[in-house]
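Remarks on the structure that follows.
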Amino acid sequence: MVILGLDPSLSSTGWGVIRAEGSRITHVANGQVKTDPAAPMAERLVALQAGLAAVIAEHAPERAAAEEIFVNKNPQSTLKLAQARGAVLAACGAAGLGVNEHAARLVKKAVTGTGAAEKVQVAAMVKVLLPGVQIAGSDAADALAVAIADAHLAPRS
């Protein structure tokens, strides 16, 4: 089973692709789709959708997984995250991919053993679970964590 993990963000959406065979997981690829902060919102959302469509076309995942949305203290930030997440989910939907959603605390717990883990701990554990992986950045590390958690938490299909 090839799984695409996603960490949606308007500025830098992380993605990670793993292969899960039983309880064994292996790294396939990871990266980030970045947008120009000076570009209009519509252009940024199109860039996210197109960038992820290219990732999906290249790696042909069988399903995707993303963190559930969370509410920031700043409503504007929450709205921007929701818009970016919509573009990410639209790219998956256009490719016919189902998307499993997992709470951030559950992803952290599945990967590190604690739901209160910091980003650095998550990235370190991803490197342990995927030996030799070269991670493209913290957003990509989070996306790989989502994919790993999905491999362990979601029902097999």
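For the stretch 128-147, a tally of residues being assigned to a helix (DSSP H, G or I) and either of a type in the set (A, V, I, L, M) or touching a helix residue (DSSP H, G or I) at 6+ places or on another chain (Cβ under 7 Å) (or both) returns 11.
Rundown of residues vs (1) surrounded by fewer than 17 Cβ atoms within 10 Å (Cβ to Cβ); (2) basic (K, R); (3) modelled with pLDDT of 95 or more; (4) more than 14 Å from L4 (Cα to Cα), yes/no style:
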{"residue": "T112", "(1), (2), (3), (4)": "no, no, no, yes"}
{"residue": "A116", "(1), (2), (3), (4)": "yes, no, no, yes"}
{"residue": "Q121", "(1), (2), (3), (4)": "yes, no, no, yes"}
{"residue": "V126", "(1), (2), (3), (4)": "no, no, yes, yes"}
{"residue": "P131", "(1), (2), (3), (4)": "yes, no, no, yes"}
{"residue": "G137", "(1), (2), (3), (4)": "yes, no, no, yes"}
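Matching residues to (1) of a type outside the set (A, V, I, L, M, F, W, C); (2) assigned to a helix (DSSP H, G or I); (3) closer than 15 Å to L144 by Cβ; (4) in contact with an Asp or Glu (Cβ under 9 Å, 6 or more places away or on another chain):
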| site | (1), (2), (3), (4) |
| --- | --- |
| A87 | no, yes, no, no |
| A91 | no, yes, no, no |
| E101 | yes, no, no, yes |
| K109 | yes, yes, no, no |
| V122 | no, yes, yes, yes |
| V126 | no, yes, yes, yes |
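Please indicate, with yes or no, whether at least one residue in the stretch 35-50 is surrounded by fewer than 20 Cβ atoms within 10 Å (Cβ to Cβ), within 14 Å of A143 (Cβ to Cβ) and not hydroxyl-bearing (S, T, Y). So far as the stretch 35-50 goes, no, none of its residues is surrounded by fewer than 20 Cβ atoms within 10 Å (Cβ to Cβ), within 14 Å of A143 (Cβ to Cβ) and not hydroxyl-bearing (S, T, Y).
The values are calculated or read from the model by the stated rules, or taken from the named source; none is laboratory data. Everything numeric here is computed off the predicted structure, so don't read it as measured data. Every residue, glycine as well, gets a Cβ built from its backbone with ideal geometry; the counts of neighbours run over all protein chains shown.
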